[in-house]
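One structure is given here, and the rest of the page talks about it.
Rule-based calculations on the coordinates, nothing more; no lab input. Predicted model, so just to flag it, every value in this text is computed and none were measured. We place every Cβ from the backbone using ideal geometry, glycine too, and count neighbours over all the protein chains shown.
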Amino acid sequence: MTDGRTARATLALVTDDFTELPHPARESGPVDGPLGWPGYDASRARATARTGESESVVCGTAHVEGTRAVLIAFEFDFLGGSLGERTGDRLAAAYTYAREHRLPVVPLVATGGSRMQEGMFALTQLQRVARQSALTRAAGLAQVAVVRDPTTGGGWATLGAGADVILALPGAQVGFAGSRVRPPDADPAAYTAEAQLAAGAVDAVVAPEDLRGVLGRWLRLLTAPSAEPAPVPRALGSADLPATGWEAVRRARAARRPRAESYLDGYLTHRVALGGDRCGGRDAGMLCGFGEHAGRAVAYAAQAGTATRPAGYRTAARLVRLADRLGIPVLTLVDTPGAANDAEAEAQGVGAAIAELFGAVADARTPVTTLVIGEGGSGGALALASPGNTWAVPDSYFSVIAPEPAAAILKRPPQDAEATANQLRIRPQDLVELGVIRGVVGPD
């Protein structure tokens, strides 16, 4: 089953001015393809007669809500949207054109994978596609994929899952294993756009009528580099500084204290979210994406006040690396009691995930601005912080570890947590005096 849309109909969902690129020239090959597959030429001719297309992809340029891009639309009714040598020719030419003209690439994918009638010649097209994608990535150009029904096999593993951002149409079959090659007891629900969203492999499921607007917003934000750091947001809570370390802790933990959502809503005129770590996980306590502030694109990674899980750190690292490659400044909001420390987090590699984020921030050439808006607990908070451009609000603290575990480490009784908090010098004003942060921001 497919979504029933041809390549041209899918293009019409997102643009009104598509211009097809010239088809790469290829000398006539052997009868029935490189393997001499009986009836292959006849199958291709029937596919052309049925669809009006001469291959399984249609490549060209268009404006999507004002942003010019290279669009690659798959025609599933042409031999299942499969990839063969001529498909690879067109894909390589489209990516090359994108680099030459500094345009983002938008694959609109609907494919069953590699073309059986061309055997290994078809499979090796995945290497060509991967190479073209890597070159485009290295050139600092964005790739935003739209996965349709179905998107399986090598098409998913290259053009789909290899994109910077992945949007999916509702109910689409999405997965490496197509329906005819899965185990007989496999749950079909695991191979859907919605399942991939839940697993952190897709960023959003978008209704067809909303696709043009959402895709246009993503392209606009990902093609707007800036060398200027993201300005520090103003504080949304109290303007008064805490008198003691324990008061700083209590204020940072207060239920009514403004959280990441409020800061992002006040700072960005609009935003779009990255949906996961691409490793099978999502963390609702780490908000990542791109938005617009004062007319400029800003990437954001914001902790939402919970213990951050491995998927959260990996998603934030993914965000920082993408923003760095595209030249977009990053804003991070620190608010966590610390990294998740349960057995599941350890099994999911929480240490490695934190290390990955530390490395992404340390390597970033794009400016990173950090604001501590609540709890700053240990390395689980520090991993998200800019080494030279971190600020704090009055309703926050930043500590080597939260006071209670600090007291336990020092073999003190639990009732000594308050005194320990005062000794750690974790108030915002202490952090400024110690040179740990640059300053405290107020409401104005």
Handout entry: Structure-based [θ]222 nm, the chain - -39500 (n - 2.57) summed over DSSP H runs of at least 4, per residue, nearest 500
Key = -10000 deg cm²/dmol
Problem - Beta bridge orientation in the chain: antiparallel %, DSSP, nearest 5 - result: 40
Fill in the blank from the handout: The Kirkwood hydrodynamic radius of region 52-151, taken as the inverse of the mean 1/r over all distinct Cα pairs, in Å, comes to 13.6
Handout entry: Helix axis angle, 40-51 relative to the chain longest principal axis, alpha carbon, degrees
Key = 70
Handout entry: Cα-based equivalent ellipsoid, region 130-278: semi-axes from gyration tensor eigenvalues, Å
Key = 39, 21, 14
Handout entry: Cα convex hull volume per residue for region 221-298 (Å³)
Key = 146
Exercise for the section: Find the relative contact order for the chain and round it to a whole percent, using C-alpha pairs within less than 8 Å whose residues are 6+ positions apart. Expected result: 12
Handout entry: Cubic angstrom per residue, convex hull over Cα atoms of region 105-217
Key = 100
Completion exercise
With Cα springs under 10 Å, the Gaussian network model of the chain assigns the largest mean-square fluctuation among Thr124, Thr390, Thr369 to Thr124
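Could you give the alpha-carbon Rg of region 245-440 over 2.2 N^0.38 Å, rounded to two decimals?
0.99
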Fill in the blank from the handout: Helix 125-138 sits off the longest principal axis of the Cα atoms of the chain, rounded to the nearest 10 on a 0 to 90 degree scale, by 40
Handout entry: Debye, to nearest 20: dipole size of region 245-440, +1 on Lys, Arg Cβ, -1 on Asp, Glu Cβ
Key = 320
Handout entry: Cβ crowding within 10 Å averaged over residues, with 24-34, 200-210 ranked highest first
Key = 200-210, 24-34
Completion exercise
Measuring from the longest principal axis of the C-alpha atoms of the chain, the long axis of helix 85-100 (C-alpha) lies at a number of degrees, nearest 10, equal to 50
Practice task
Using only Cα positions of region 7-222, each an equal point scatterer, no hydration layer, compute I(q)/I(0) via Debye at q = 0.14, 0.16 Å⁻¹ and quote the log10 values to two decimals.
Solution key: -0.81, -1.06
Problem - Cα-only Debye scattering, the chain: base-10 log of I(q)/I(0) at q = 0.12, 0.13 Å⁻¹ - result: -0.96, -1.07
Problem - Of Leu424, Leu326, Leu222, the one that fluctuates the most in a GNM where the chain has Cα springs shorter than 10 Å - result: Leu424
Exercise for the section: Quick one: dipole size for the chain, taken about the Cα centre, charges +1 on Lys/Arg Cβ and -1 on Asp/Glu Cβ, in debye to the nearest 20. Expected result: 480
